[in-house]
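Report on the structure given below.
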Amino acid sequence: MQNRTLKQLPYNPDGTFGTALMTVSVDQETWTDVAGVSRMTKKIQGFGSSAPRTTQYSYFSSPADSYTYGRLKWQSNPDASFEYYIYSGFDATSSSGTIIKYTPAHNYKWTPGATAPDPAQCQIETTVLGGSSSDVSTTLDGVVIDHRSESVTYDVASSTSILTEKNYTAGSAALTTVTGYYYDATFTADQSNKIKWRELPDGTAEAYTYSANGSGTTDTILTGEGNRSGVTRGSKIVKTRNRRGEVIQEAVYFLNGGGASPIKMSEWIANYT
């Protein structure tokens, strides 16, 4: 158990500060060893005050259940809301499995204990993990109110890591965003793991290139008509960064397509004195 005390100098009505630190708040944390790891089981914000706010955590503690051992079982919050978790399909080495999370609906009050919350009174979020993919759906009163998924693949030919994100609108229909990342030792440090291109649900695309520029980098971003192979019409933004990554110059161009030269529409430059 540990207490964290915040003290500050008082500010007087005449605009001056007091001479002695005064206690503003005290937070108390309780920690317990679970599955060989120290985990927080209770946190009281405003400890000792007239209106303390308590958050409690409970963990699965049976070593016999390898896929749940040490995982969060439930969390109760100061506003009487909660999160309750059910896990299946996991083991000590696999990242694949299913996580079900209950949160309250319809002003439902649940008292943490041995009895699980009533699913009929909860919003239910189901996450299916498949190693390099995830699918998350949320239901309320048996109706799907949110459904999205992510998957990662690797294109060997172009040394590109590809993230596909789907936000389902109805049934199997989905708004899909596909993003490619530079991912290979052959790319420079200026490129590695940065966005290479993005295809958006509205049919437009973005293309990114990066290059060294003295001690900084130059980022070029094309946005508009096109696909992962390139943008043919739209806008071009060129950002110059210093060695700290701060943008010190930016120019915006109009891409008219058809091989025409980009037209500079605006520019700003940071001058340091």
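Numbers for the structure displayed
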read-out	value
Leading residue at positive end of dipole, region 1-139 (Cβ point charges), from Gly130, Ile100, Pro112	Pro112
Accessible surface of Ser215 - all protein chains present, 1.4 Å probe, nearest 10 Å²	90 Å²
Inter-label distance for Tyr154 and Lys264, nm, one decimal - labels placed 7 Å from Cα along Cα-to-Cβ	4.2 nm
Efficiency of FRET from Cβ geometry, Met22 and Ala51, R₀ 30 Å, rounded to 0.05	0.95
Rounded to 5, percent antiparallel among DSSP beta bridges of region 28-161	100 percent
Order of exposure, largest accessible area first, which applies to Phe47, Phe17, Phe90 with probe 1.4 Å	Phe17, Phe47, Phe90
Residues with amide H under 5 Å from that of Thr160, placed H, sequence gap 5 or more	Asp155
For region 1-97, accessible area per residue (1.4 Å probe, heavy atoms of protein chains only), Å²	63 Å²
Listed residues Lys42, Lys264 arranged by accessible area, highest first, probe 1.4 Å	Lys264, Lys42
Unsatisfied cross-links (Cα-Cα over 30 Å) in the set Lys101/Lys166; Lys42/Lys194; Lys109/Lys166	Lys42/Lys194; Lys109/Lys166
Portion, in percent, of the accessible area of the chain that falls on carbon or sulfur, probe 1.4 Å	51 percent
Under the Karplus curve 6.51 cos²θ - 1.76 cosθ + 1.60, θ = phi - 60°, whole-Hz ³J(HN,Hα) for region 171-181, x wherever Gly or Pro sits	x, 8, 6, 8, 8, 10, 10, 10, 10, x, 10
With all protein chains modelled, accessible area of Ile145 [1.4 Å, Å²]	90 Å²
Principal axis box of the chain, alpha-carbon based, largest edge first, Å	69, 62, 38
FRET efficiency for Ala114 and Val136, using Cβ-Cβ distance with R0 set to 30 Å, rounded to 0.05	0.60
Cut-off under 5 Å, modelled amide H: who pairs with Ile248 long-range	Thr240, Arg241, Asn242
Nonlocal amide H pairs with Ser132, under 5 Å, H built at 1.01 Å	none
Å² of accessible area per residue within region 124-225, as computed with a 1.4 Å probe and no ligands counted	53 Å²
Gap separating the Cα centres of region 29-68 and region 111-132, nearest whole Å	19 Å
For Met265, solvent-accessible area (1.4 Å; no DNA, RNA or ligand), Å²	130 Å²
Mean Cα-pair separation over length for region 198-260, i.e. relative contact order, pairs under 8 Å, 6 or more apart, %	26 percent
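The values are calculated or read from the model by the stated rules, or taken from the named source; none is laboratory data. Please read these numbers as outputs of a predicted model, since none were measured by experiment. Virtual Cβ from ideal backbone geometry, glycine too; neighbours counted across all protein chains shown. Keep in mind that these areas ignore ligands, DNA and RNA; they rest on the heavy atoms of the full protein, side chains included. Shrake-Rupley method; radii C 1.70, N 1.55, O 1.52, S 1.80 Å.
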